[in-house]
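Here's the structure we're looking at; comments come further down.
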Amino acid sequence: MQDTLYSLPVVNQITPYLSQRQMGDLPIVVVSHPKVRAAIALQGAHLLSWQPSGQQPVIWLSDKTPFVAGKAIRGGVPICWPWFGPAGEPAHGFARNQPWTLTAHDENEDAVMLTFTLESNAQTKKLWPHDFTLLARFRIAEHCEIELEAWGDYEATAALHTYFQIADIAQVEVSGLGNSFIDKVNANTVGSLADGKQTYPDRVDRIHTAAEDCSVIHDIAGKRQIEVYHHYQSDVVTWNPGPELSCSMADMPNEGYKTMVCVETARINKPMKSAGESPARLGTTLRVRNK
């Protein structure tokens, strides 16, 4: 699926490293840089792929997700905002289903910088009664930096719901998660991890409420580590649907759970607060280390 994104015909060559293409109903911004390649859908300012040169893909994207206007994309980095989970309709908020605008871009020999903007409109007002301006900033390089900046007067919960590509979920451990979590598979009961490490023998859906500022995905079969740095977070969510849920999801391959794990930078238990000239922020930095 990710190779398909980079072979789409160019609709508009924006700069030497930046082009606009089309996948199904959705416009896609593609970064083709000597040091990295990436793709971002304008719907949701949704990172679909990030791959530093010489590396395997870092971001997982379902090859069964439909690229249909208004329908959430399965995989990549959905921006869940202004609520996380089933706190409203649609689940995980409307930001990931709305068309954003590419409002700024810059590039140099090391990186491509992109800013996407979403503003409140008649459709969002029906779902949530607040005026807002939301900025999603990306620095696409050998590291990937994502920052969400929210302007307005309100509280919101949010997550950068990152799906990571791994070789085999049975040989994955995520460390740095702290010792306390809310178990969404087990009726939101509170649990604890003795060593802050999580493995994935079956479905896992946990909100870690005292995680460290960096989670590390130990992809043993893939012979690499993915470092996930969390900025302005209150929580870190980790999720894998396991075989049963994976088979029940129309936009996910039956075996999809075997090659992905979500580690999400989030603000759930302490909502983001923006007011006047003080925006709220949530960010993550991703980097890969081969073993």
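The values are calculated or read from the model by the stated rules, or taken from the named source; none is laboratory data. On a predicted model such as this, the values are computed, not experimentally measured, just so you know. Note: ideal-geometry Cβ built from the backbone for every residue, glycine included; neighbour counts use all protein chains shown. Surface accessibility is based on the protein's heavy atoms, side chains included, excluding ligands, DNA and RNA. Shrake-Rupley method; radii C 1.70, N 1.55, O 1.52, S 1.80 Å.
Observations
- Count - residues of the stretch 156-204 that are outside any strand (DSSP E or B), open to solvent by less than 20 Å² (accessible area, probe 1.4 Å) and of a type in the set (S, T, N, Q): 1
- The stretch 78-111, subset of a type in the set (A, V, I, L, M, F, W, C) and part of a strand (DSSP E or B), residue nearest to Cys144 (Cα to Cα): Ile79
- Of everything listed in (1) of a type in the set (A, V, I, L, M); (2) under 27 Å from Glu227 (Cβ atoms); (3) in a strand (DSSP E or B), the single unmet condition for Ile14 is (2).
- Each residue in the stretch 33-72 was checked for being assigned to a loop (DSSP other than H, G, I, E, B) and either out of contact with any Cys (no Cβ under 9 Å at 6 or more places or on another chain) or modelled with pLDDT under 95 (or both), and 21 pass.
- One residue from Gly85, Gly93 being modelled with pLDDT under 95, of a type outside the set (Lys, Arg), more than 20 Å from Ala39 (Cβ to Cβ) and open to solvent by less than 40 Å² (accessible area, probe 1.4 Å): Gly85
- Those strands (runs of 3 or more DSSP E) of the stretch 214-258 in which 2 or more residues are open to solvent by 30 Å² or more (accessible area, probe 1.4 Å) and of a type in the set (Asp, Glu) are absent.
- Yes/no for Gln22 being polar (S, T, N, Q), in contact with a Pro (Cβ under 9 Å, 6 or more places away or on another chain) and free of Cβ contacts under 8 Å to residues at least 40 places away in the same chain: yes
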